[in-house]
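This report refers to the structure that appears directly beneath it.
The values are calculated or read from the model by the stated rules, or taken from the named source; none is laboratory data. All figures in this text were calculated on a predicted structure; none of them were measured in a lab. Methodologically, a virtual Cβ is constructed for each residue, glycine included, from the backbone with ideal geometry; neighbour enumeration extends over all protein chains shown.
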There are 2 protein chains.
Amino acid sequence: MSDSVKAISIKAIGIKDVAREAGVSVATVSRVLSNGPVSDALRARVEDAVRATGYRPNLSARRLRSQHSQTIGLIVSDIRNPFFTAVSRAVEDAAFQAGMRVILCNTDENPEREAMYLRLMQEERVTGLIFAPTRATLAQLDRADLDFPVVLIDRSAPAGRFDSVVLDNPQAAALLVDHLHAQGYRRIAGLFGNTSTTAVERHAGYQAALAAHGLHAEARFVPPTAEAAEAEIARWLAEARRSGAMPDAVMVSNSLLLMGVVKATRTLGLAIPGDLAVAGFDNEPWTELVGPGLTVIEQPVHEIGRAAMTLLFERLDDPERATRKVVLSGTCVARGSTGGVSG
Amino acid sequence: MSDSVKAISIKAIGIKDVAREAGVSVATVSRVLSNGPVSDALRARVEDAVRATGYRPNLSARRLRSQHSQTIGLIVSDIRNPFFTAVSRAVEDAAFQAGMRVILCNTDENPEREAMYLRLMQEERVTGLIFAPTRATLAQLDRADLDFPVVLIDRSAPAGRFDSVVLDNPQAAALLVDHLHAQGYRRIAGLFGNTSTTAVERHAGYQAALAAHGLHAEARFVPPTAEAAEAEIARWLAEARRSGAMPDAVMVSNSLLLMGVVKATRTLGLAIPGDLAVAGFDNEPWTELVGPGLTVIEQPVHEIGRAAMTLLFERLDDPERATRKVVLSGTCVARGSTGGVSG
DNA sequence: GCTGTTATTGAAAACGATTACATCAGGCTC
DNA sequence: GAGCCTGATGTAATCGTTTTCAATAACAGC
């Protein structure tokens, strides 16, 4: 290799290049960068040198030496689920404010990917983790030994080795049932997802609320996709029509199912709410625009993300404190899709 | 500090603990971990030791020494925009397959945040970056000197210092105009976002297509939010009604604007498509469910994400190759919202 | 003028891995 | 059997920072 070639080879500039440029030691440069005690004169010289050289610190080196990653992990099932999309924004905003970075992982409800990403979190030495585990992983999580605090979201822990923040699912489902009942509906069908603990809790609330009104519960469970919901509802209504026991309303446990149900009413030519009232979860922007507007439970999505971060920071402050479970309640956004039996 | 306290303090186990446990040198452990040349006997001993100690490599140290981060950056305006949500999944899947991690950043179309995240990417020493810049940043990007390859998505570069993958926006907009024209609409208004180059290109296609049909173009530009679109459309239609020049159709340049327009028709009591035909971009699941179904351009979102990663990997393979611009075309999904002047 | 204290600064160790280089054993060729 | 290669292993340098520790200077108190 000739010298000219060597000269051409780009060498990333490091802290010692800045130190040389400023005529100080690397320690001083480091102190300037981290607002340590440095005289004004040297500080100015160093800042000039940083600008002149275009120096950018190497985060890997910094993390290695200082032993904190300033990184928090966020593991969700699928970022395309609007609930998690919103939560991730809240988490990222909070992290940003605290000068931290976020690593986002999608598991597709696959326990193997969950395990792999948990390993990754260890290797990244994350400061903390916000996690929406599947039921399977949730059960094993107690045994795992992790070197960082974990806050569970959406899916809650049974006992409580971990902090968590969840919606009051039974209450929210009851809110929906009560609203339907108040509007005059008496045969209220329920369609629930079959993978998450969330759906289980919502089903429980649905059942309890119906019982309180002296009504009969008719629930079915399907994979959490619009297609599965559409097919199941079509089948269900066909059976019901034959047996002469058509429901006059249906509530579902998440927005994908809601979409499936609306689709089904279209292909079956059913009017909402005339032939069938519809209510569901997650107040996404489009629910206002569909048919007469869809009645939904609005989750405080941003609040959930923020609460998770707050819990995480408080835990970092005091690792010994008792674990807490923050339960936020949803609100019922009544729209035309549950317009009442007369209307 | 007494010895007992010292013993209690948890010390993260490192590669040398594994080496001691297995009775080998740290180099051998490292080689086992990276599939280097090691005898089967020692390999087994080391693997046992790794299991026994629960060792997890420190990625910061690994990255510092080996000088590659195995990380790619993804900077978008807002992950809640379904287009970017879908792209991010595609990017993450491709990265995962290649054994790389993704750092996701939201800029909210704010150039300051873009600049800040670009700095972060440098500090993280990312292997490459996939970036959807605002117009402002795009203009300055040529001057920035970045130590990693960049692939632009959605918003394209004018000349070509960077690889990019974009939708054929003029063609897509023309597709929409042609469809509206074929359905009998002649006064076709256009509402476009005012921050991205995407909107500029779509506007150009809209105008050209109208001109080709001998029609007059009436376009307005608004901030890319549903609220802004709703307000502007309401104002616009009120003016038009006074002047007796009501458009019979309106096309918009993205899904947020589309939502705003639909909202406006509701509050104004306009029927779709009877009083006003509506067409837009992005075939999101809910567009099928709104009113008579909304006519939209479907972008190959997953393809776009994958193509961006492919471009990035090819660039890493050969830094000297000529830059390329991958242009994918959208398809027109015709629905009831453009049902025709008679129907 | 001497000592003690405090504020700046620099030299060098440390963080936890990878990797260049040296070593060594064993098998091959002639 | 000498010489040479090959493949496995260990030693130590290295990556780019932060941080500890010692050194120096300035200044107050006596």
key: Residues of the range B:64-89 that turn out to be away from DNA strand D (no atom under 16 Å from the Cβ) and surrounded by fewer than 19 Cβ atoms within 10 Å (Cβ to Cβ), as a count   = 3
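Here is a check on your reading of the model: is B:PHE192 over 19 Å from B:PRO273 (Cα atoms), assigned by TED's automatic domain parsing to the domain that holds B:ALA271 and either in contact with a His (Cβ under 6 Å, 6 or more places away or on another chain) or not aliphatic (A, V, I, L, M) (or both)? Spell out the reasoning first.
Values: over 19 Å from B:PRO273 (Cα atoms): yes; assigned by TED's automatic domain parsing to the domain that holds B:ALA271: yes; either in contact with a His (Cβ under 6 Å, 6 or more places away or on another chain) or not aliphatic (A, V, I, L, M) (or both): yes.
So B:PHE192 passes the test.
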query = In the range A:299-333, which residues are within 19 Å of the chain's Cα centre (by Cα) and in a strand (DSSP E or B)?
reply = A:LYS325, A:VAL326, A:VAL327, A:LEU328, A:THR331
key: Within the range A:55-70, considering residues that are within 11 Å of DNA strand C (Cβ to nearest atom) and of a type in the set (Lys, Arg), the one farthest from A:ARG20 (Cα to Cα)   = A:ARG63
inquiry  = Is it the case, given these coordinates, that B:VAL38 is within 16 Å of DNA strand C (Cβ to nearest atom) and closer than 20 Å to A:GLU123 by Cα?
reply    = no
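Applying the selection to the range A:183-198, what residues are more than 13 Å from A:PRO247 (Cβ to Cβ) and touching a Leu at 6+ places or on another chain (Cβ under 9 Å)?
First, pick out the residues of the range A:183-198 that are more than 13 Å from A:PRO247 (Cβ to Cβ): A:183-184, A:192-198.
Hits for the range A:183-198 are A:PHE192, A:GLY193, A:THR197, A:THR198.
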request  = Select from the range B:181-194 the residues that are touching a helix residue (DSSP H, G or I) at 6+ places or on another chain (Cβ under 6 Å) and either at pLDDT below 95 or not in a strand (DSSP E or B) (or both) and list them in ascending order.
outcome  = B:GLN183, B:GLY193
message = Looking at A:ASP108, A:ASP142 in this structure, which one is of a type in the set (Asp, Glu) and within 15 Å of A:THR323 (Cβ to Cβ)?
response = A:ASP142
task = Name the helices (runs of 4 or more DSSP H) wholly inside the range B:11-103 in which the number of residues that are away from chain A (no Cβ under 12 Å) and acidic (Asp, Glu) is 3 or more.
result = B:40-53
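Every residue, every condition in (1) in contact with a helix residue (DSSP H, G or I) (Cβ under 7 Å, 6 or more places away or on another chain); (2) within 16 Å of DNA strand C (Cβ to nearest atom), yes or no:
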{"position": "B:GLU21", "(1), (2)": "yes, yes"}
{"position": "B:SER30", "(1), (2)": "yes, yes"}
{"position": "B:ARG43", "(1), (2)": "yes, yes"}
{"position": "B:GLU47", "(1), (2)": "yes, yes"}
{"position": "B:THR53", "(1), (2)": "yes, yes"}
{"position": "B:ILE72", "(1), (2)": "yes, no"}
{"position": "B:ILE75", "(1), (2)": "yes, no"}
{"position": "B:ILE79", "(1), (2)": "yes, no"}
{"position": "B:GLU92", "(1), (2)": "no, no"}
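Take the range A:263-310 and flag every residue that is under 30 Å from A:PRO149 (Cβ atoms), acidic (Asp, Glu) and either in contact with a Ser or Thr (Cβ under 8 Å, 6 or more places away or on another chain) or within 10 Å of chain B (Cβ to nearest Cβ) (or both). Before you say what the answer is, go through the steps one by one.
Here is the first cut: in the range A:263-310, the residues under 30 Å from A:PRO149 (Cβ atoms) are A:281-282, A:297-310.
From the residues that got through so far, the ones that are acidic (Asp, Glu) too are A:282, A:298, A:303.
Result: A:ASP282, A:GLU298.
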inquiry  = Give all pairs with beta carbons closer than 8 Å in which a residue from the range B:238-262 that is closer than 16 Å to B:HIS203 by Cβ and within 12 Å of another protein chain (Cβ to nearest Cβ) meets a residue that is aromatic (Phe, Trp, Tyr) and surrounded by 24 or more Cβ atoms within 10 Å (Cβ to Cβ); count only pairs at least 6 apart in sequence or on separate chains.
reply    = B:LEU258/B:PHE281
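Name the single residue that is farthest from DNA strand D (Cβ to nearest atom) among those in the range B:25-34 being over 41 Å from the mean Cα position of the chain (by Cα) and surrounded by fewer than 19 Cβ atoms within 10 Å (Cβ to Cβ).
Of the residues in the range B:25-34, the ones over 41 Å from the mean Cα position of the chain (by Cα) are B:25-28.
Still in the list and also surrounded by fewer than 19 Cβ atoms within 10 Å (Cβ to Cβ): B:25-27.
Details: B:SER25: 4, B:VAL26: 6, B:ALA27: 3 Å.
If we take residues in the range B:25-34 being over 41 Å from the mean Cα position of the chain (by Cα) and surrounded by fewer than 19 Cβ atoms within 10 Å (Cβ to Cβ), then B:VAL26 is farthest from DNA strand D (Cβ to nearest atom).
So which residues in the range B:138-152 are in a loop (DSSP other than H, G, I, E, B) and either in contact (Cβ under 8 Å) with a residue 24 or more places away in the chain or buried (at least 18 other Cβ atoms within 10 Å of the Cβ) (or both)? I'd like the intermediate steps shown before the answer.
Step one: filter the range B:138-152 for residues in a loop (DSSP other than H, G, I, E, B), giving B:142-149.
Answer for the range B:138-152, where residues must be in a loop (DSSP other than H, G, I, E, B) and either in contact (Cβ under 8 Å) with a residue 24 or more places away in the chain or buried (at least 18 other Cβ atoms within 10 Å of the Cβ) (or both): B:ALA144, B:LEU146, B:ASP147, B:PHE148, B:PRO149.
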ask   = Does A:GLY128 satisfy the criteria of being under 17 Å from the mean Cα position of the chain (by Cα), farther than 30 Å from B:GLU284 by Cβ and not aliphatic (A, V, I, L, M)?
value = yes
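Looking at A:ARG113, A:ARG125, A:ARG119 in this structure, which one is in contact (Cβ under 8 Å) with a residue 24 or more places away in the chain, out of contact with any Leu (no Cβ under 6 Å at 6 or more places or on another chain) and either on the phi > 0 side of the Ramachandran plot or not assigned by TED's automatic domain parsing to the domain that holds A:GLY280 (or both)?
Values: A:ARG113 fails: in contact (Cβ under 8 Å) with a residue 24 or more places away in the chain; A:ARG119 fails: in contact (Cβ under 8 Å) with a residue 24 or more places away in the chain.
That would be A:ARG125, the only listed residue that is in contact (Cβ under 8 Å) with a residue 24 or more places away in the chain, out of contact with any Leu (no Cβ under 6 Å at 6 or more places or on another chain) and either on the phi > 0 side of the Ramachandran plot or not assigned by TED's automatic domain parsing to the domain that holds A:GLY280 (or both).
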Lone unmet requirement of (1) more than 16 Å from DNA strand D (Cβ to nearest atom); (2) within 30 Å of A:ILE13 (Cβ to Cβ); (3) among the aliphatic types (A, V, I, L, M) for B:LEU59 = (1)
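Kindly provide the set of residues from the range A:35-75 that are polar (S, T, N, Q), over 30 Å from A:ASP108 (Cα atoms) and within 33 Å of the chain's Cα centre (by Cα), ordered by number. Spell out how you get there, then give the answer.
If we filter the range A:35-75 for residues that are polar (S, T, N, Q), which is where we start, we get A:35, A:39, A:53, A:58, A:60, A:66-67, A:69-71.
Okay, now just the ones that are also over 30 Å from A:ASP108 (Cα atoms), so A:35, A:39, A:53, A:58, A:66-67.
A:ASN58, A:SER66, A:GLN67, listed by residue number.
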request  = Would you mention how many residues in the range B:111-126 are surrounded by fewer than 21 Cβ atoms within 10 Å (Cβ to Cβ), more than 10 Å from chain A (Cβ to nearest Cβ) and touching a helix residue (DSSP H, G or I) at 6+ places or on another chain (Cβ under 9 Å)?
outcome  = 2
